[in-house]
């Protein structure tokens with residue numbers, strides 16, 4: 001039998017078995033990306049063409065019921081997940097600012113984005129029953145090519161409008177959550193460790209999204225990452241992500257946001273003094289590396305001293321000396337889910353109504369609470 005006749009026979013068999021009437025192609029796209037499975041690989045495993053998978057995802061055609069069964073088995077999702085239910089908002093890769101854009105395969109970035117989309121859907125589900133903070137991020141205009149001072153001014157205004165006050169930011173992640181940002185930590189298992197923190201202010205749900213790396217098990221680094229992503233949210237809506245300039249601007253924003261020049265400059269040492277730097281680390285909640293970088297950029301450390309300090313940091317490796325404790329973790333999503341259950345609304349009922357597997361719901365909630373998240377995608 002020729003390849004063409006085999007495809008014709010397979011197509012007739014699919015037509016004869018009936019078509020999946022209640023089918024949501026958007027959910028197929030999310031499930032496929034969560035499983036980190038290319039369209040070509042999925043097509044091969046379920047016995048259709050890659051073009052057919054594309055048509056399924058775009059809602060142009062629906063799969064036969066037998067094909068849907070194979071999709072379910074291949075992607076590890078129950079068939080009910082692919083039925084119409086709660087909308088899964090899209091986060092386009094062109095709007096997501098990945099710290100590791102060039103070092104991470106596109107498929108792994110899409111997997112992380114799909115997890116973010118699932119998290120946004122779960123948040124929308126919970127928000128039907130619990131009043132959550134509205135989006136109240138400052139509106140900050142910066143030039144198309146902002147200078148160092150433009151970036152610093154944006155960070156100062158953000159501190160003012162987000163009511164941070166003087167001194168260290170008490171908890172950066174909770175500050176973002178209080179202003180309507182969905183913050184979750186990617187599960188440690190099943191995701192590429194090269195996927196660093198990323199953010200998007202242009203989600204289909206209208207709620208900004210920040211996903212933190214689970215591997216940076218350090219308070220100082222989590223605070224800097226969250227501040228870096230806040231810089232993207234406030235300064236880079238509509239800006240093409242990934243450029244060195246854009247990432248440098250977000251880094252400068254985070255430095256001023258966490259360590260305002262007016263408050264820290266005179267305290268930064270003019271030579272490599274690790275005792276003084278450790279004291280500043282404990283006070284401001286930032287890493288030694290960030291302090292050395294800040295001291296150099298503000299002209300307190302010479303080029304020679306800066307290089308010497310970085311060589312010492314490289315010798316120490318990661319984690320650097322003087323840990324500040326566990327990373328800042330999000331809590332809003334988990335706390336809202338706990339409140340729901342305490343009021344008598346079972347999450348299993350919500351998961352069933354939304355056609356989201358309970359395991360997937362729990363994975364998202366674990367990523368949005370202070371307990372360490374674990375991954376369980378599936379029924």
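The values are calculated or read from the model by the stated rules, or taken from the named source; none is laboratory data. Just so we're clear, the structure is a prediction, and the values are computed from it rather than from any experiment. As a convention, Cβ positions derive from the backbone with ideal geometry for all residues, glycine included, and neighbour counts pool all protein chains shown.
Structure values in brief
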| item | result |
| --- | --- |
| Some residue of the stretch 248-264 being at pLDDT 95 or above and not in a helix (DSSP H, G or I) | yes |
| Matching entry among 333, 291 (being buried (at least 20 other Cβ atoms within 10 Å of the Cβ), modelled with pLDDT of 95 or more and farther than 22 Å from residue 145 by Cα) | 291 |
| Extreme residue, nearest to the chain's Cα centre (by Cα), among residues of the stretch 40-77 that are surrounded by fewer than 19 Cβ atoms within 10 Å (Cβ to Cβ) and under 19 Å from residue 190 (Cα atoms) | 76 |
| Filtered residue count, the stretch 297-325, keeping only those that are assigned to a helix (DSSP H, G or I) and touching a helix residue (DSSP H, G or I) at 6+ places or on another chain (Cβ under 9 Å) | 9 |
| Single residue of the stretch 238-247 satisfying the filter (loosely packed, with under 15 Cβ neighbours inside 10 Å and touching a helix residue (DSSP H, G or I) at 6+ places or on another chain (Cβ under 9 Å)) that is farthest from residue 154 (Cα to Cα) | 240 |
| Residue check for residue 242: outside any helix (DSSP H, G or I), under 30 Å from residue 105 (Cα atoms) and within 28 Å of the chain's Cα centre (by Cα) | yes |
| Residue match in the stretch 98-113 (condition: in a helix (DSSP H, G or I), touching a residue at least 60 places away in the same chain (Cβ under 8 Å) and within 20 Å of residue 177 (Cα to Cα)) | yes |
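Listed here are the residues, each with its yes/no results for (1) under 22 Å from residue 118 (Cα atoms); (2) touching a strand residue (DSSP E or B) at 6+ places or on another chain (Cβ under 7 Å); (3) part of a loop (DSSP other than H, G, I, E, B).
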residue	(1), (2), (3)
28	yes, no, no
36	yes, no, yes
45	no, no, no
71	yes, no, no
